[in-house]
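The values are calculated or read from the model by the stated rules, or taken from the named source; none is laboratory data. Source: prediction; values computed, not measured. Cβ coordinates were reconstructed from backbone atoms using ideal geometry, including for glycine residues, and neighbour counts include every protein chain displayed.
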Amino acid sequence: MRSTGTGSISPNLFGVRFVGILNSISVRWYLCGVALIVGVLAVVPAHHRSAVFVFGTFVNTTGWSSSVYVVMIGLLLAPYTFCGYDASAHLSGERCVTGYRSAPAAFRQTPLHAATSVDAMDAAV
């Protein structure tokens, strides 16, 4: 018989409000972490690349000959890791009364938010 950890049982025992509190903590933790990383990258390095290099140069060191393929794989990675398409889909389907309206809006806005956060981190480097 397998035992389940209390971390996975707690949200189901305490209900939606507890999950909302955990979500709020998670969002604040994520935003503070990103702000800290961007701040450190803006202040600590002795040399920064120019904006022309950061936003205008493409360097493919992956070993794949097709730059288009590399860009497509890179674009596929960002939404899942930075924005949580999967988590948005689960929450809108399980917890949101108007999920049929809010889920498509969230998915449309995700690339914009991902691009904004990635550009901020690139500019800091």
- Query: Given the conditions (1) over 23 Å from the mean Cα position of the chain (by Cα); (2) at pLDDT 80 or above, and given that Gly5 satisfies all but one, which numbered condition is not satisfied?
  - Reply: (2)
- Among the numbered conditions (1) modelled with pLDDT under 80; (2) surrounded by 11 or more Cβ atoms within 10 Å (Cβ to Cβ); (3) under 14 Å from the mean Cα position of the chain (by Cα), tell me where Pro104 comes up short. (3)
- Message: For the range 38-73, which positions are in contact (Cβ under 8 Å) with a residue 24 or more places away in the chain, in a helix (DSSP H, G or I) and either basic (Lys, Arg) or within 21 Å of Pro111 (Cβ to Cβ) (or both)?
- Response: Val38, Val54, Phe55
- Task: Evaluate the following for Ile73: is it modelled with pLDDT of 85 or more and of a type in the set (Val, Ile, Thr)?
- Result: no
- Please find, among Val54, Val19, Val43, the residue that is surrounded by 10 or more Cβ atoms within 10 Å (Cβ to Cβ) and either over 20 Å from the mean Cα position of the chain (by Cα) or modelled with pLDDT of 85 or more (or both). Val54
